[in-house]
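Following: one structure in structure tokens, then a few remarks.
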Amino acid sequence: MSRRKRTRRIQRLVVLILVLFLAVFLIALGVRSCQQNRKESSYKSYIARVEQIIADSNAVGADLKTVIENPSQFTRTELRNKLQSMAKKQTDVANRAKLAKAPDKLATEHELFALGMQVRANGMRQMSQAIQAAMSGPGADDKKIAAADLVALSGYFTGPDAYYMDVFYTRALQVLRDDKVSGVAVPVSTFYLKSQMFAPATLKSMLTRIDKSANLSGIHGVAVTGVTVTPGNQKLQAGRDNQVKAAAGMGFTILVQNQGTADEPAVPVKVTLKLAGGAQVQTVTKTIDAIKAGKTASLAVSGFNIDANAIGRKSTIIAEAGPVPREAVRTNNKLQFTIILTLD
């Protein structure tokens, strides 16, 4: 083989090697570029989802701010529905956060983010219940919702923002920087941190508005509408003498109507029996667990001792119900009857 032919062959081999090297280089570069593109796309998609979750949670917060600043713009039904809707929306936000798939390097931080949204959902549920309780007035324990009770719930709302900014936001910026991902902006979450809606004075003002608004707290009032004697179910008539057969175990059934627009819990009922003949006045006090707006409840009261000296003489029975919190009209809380006990 001539020297010229060997040289030509070597040149061809070198060219082939260079071509192969260039091809491998370009393929590797393309693979790396595709991997980077996929990585950037993954981060972009995930961060966009996080941004939407934060925006939706903030929207619920804006609704809560509207309620706190001016609850009297709503009717009672509208406010209840809005509070319940807000609690549901924040729960939906928390569920979406839990289901979102994070890139591996942000998996731990995402768990904290999702937990924060669940904490906020719990807070929104409790806040909704507390404001509705404020609309209903004092409960069976005569305890009213105070501004301090609502201030105590503020951490459920501000805490997730604080942890997000301190942990998630800082870590996400670092991960994107390390992975050379550009064009992806990590959203901030500071709505609740900057809001003044949980200031004690603001919450106290809201509760005062609710308490003074009949439109929100409802009209409250109960009335005794009837009394029957047991056994026998004899209905007593006011303004006249009622002949009542004396019997062992004699008692009374008291009818109490909720004449307001709000349900009433723990309605107190007192029955007083003043027997003729100098017998001691007897009083029995009981409680009706709850009466829904517009409904009538009955309560059986017994345990009275019948003195023989009262037979044939005028005695008095007084049935009283309430008053319930915020009750303005109390003239119908009591009925009085005259009874004459007989033996036949």
Total charge dipole magnitude, the chain, about the Cα centre, Cβ charges on Lys, Arg, Asp, Glu only, Debye to nearest 20: 2740 debye
FRET efficiency, 1/(1 + (r/R0)^6) with R0 45 Å, evaluated for residue 44 and residue 266 via beta carbons: 0.20
Karplus-derived 3J(HN,Hα), 6.51/-1.76/1.60, for each residue of the range 79-88, Hz, glycine and proline x: 5, 4, 4, 5, 4, 5, 5, 5, 4, 5
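Treat every Asp and Glu Cβ in the range 133-280 as -1 and every Lys and Arg Cβ as +1, leave all other atoms uncharged, and give the resulting dipole magnitude about the Cα centre to the nearest 20 debye. Don't skip to the answer; put the middle values down first.
On the way: 14 positive and 11 negative charges, 96 e Å.
The calculated dipole for the range 133-280 is roughly 460 debye.
Give me the extension gain from residue 340 to residue 230: residue separation times 0.36 nm, minus the current Cα-Cα distance, reported in nm with one decimal. Walk me through the numbers on the way to the answer.
Working: separation 110, 0.36 × 110 = 39.60 nm, distance 1.48 nm.
Stretched out fully, the residue 340 to residue 230 stretch lengthens by 38.1 nm.
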Dipole of the chain [Lys/Arg +1, Asp/Glu -1 at C-beta], most positive-end residue of 170, 248, 260: 170
Helix-derived mean residue ellipticity, 222 nm - over the chain, DSSP H n ≥ 4, -39500 (n - 2.57), to 500: -16500 deg cm²/dmol
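Given the pairs 88/204; 44/101; 44/89; 88/292; 270/334; 143/270, which span a C-alpha to C-alpha distance of over 20 angstrom in this model? Each step should come with its number before you reach the end.
Details: 88/204 25 Å; 44/101 12 Å; 44/89 25 Å; 88/292 25 Å; 270/334 9 Å; 143/270 22 Å.
Too far apart for the 20 Å limit: 88/204; 44/89; 88/292; 143/270.
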Two-site label geometry, residue 92 and residue 55: point separation in nm, points 7 Å out along Cα→Cβ: 1.6 nm
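Show me 123-131, 176-184 ranked by packing, highest mean number of other Cβ atoms within 10 Å first.
Descending packing order for the listed peptides: 123-131, 176-184.
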In degrees, nearest ten, helix 107-136 long axis to first principal axis of the chain (Cα): 20 degrees
Karplus (6.51, -1.76, 1.60) ³J(HN,Hα), θ = phi - 60°, over the range 228-234, in Hz, Gly and Pro reported as x: 10, 8, 10, x, x, 6, 7
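Calculate, in whole percent, how much of the Cα-Cα pair population of the chain lies beyond 34 Å.
Values: 33016 of 58996 pairs.
Roughly 56 percent, once rounded to a whole number.
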Förster radius 45 Å - calculated FRET efficiency between residue 190 and residue 287, Cβ distance, rounded to 0.05: 0.40
Over the range 222-342, equivalent-ellipsoid semi-axes from the Cα gyration tensor in Å: 27, 13, 12
Dipole-positive endmost among 232, 182, 215 within the chain (Cβ charges, Cα centre): 182
Cα-based shape type of the range 37-122, given that a ≥ b ≥ c are square roots of the gyration tensor eigenvalues and the cut on a/c is 1.5: prolate
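Assuming R0 = 22 Å, what is the FRET efficiency of residue 84 and residue 146, from their Cβ-Cβ distance, to the nearest 0.05?
Computed FRET efficiency for residue 84 and residue 146: 0.50.
Read-outs throughout are calculated quantities, based only on the coordinates presented, and are distinct from any laboratory measurement. Model, not experiment: these values are computed from the prediction. Please note: Cβ atoms are built from the backbone with ideal geometry, for glycine as well, and neighbour counts cover all protein chains shown.
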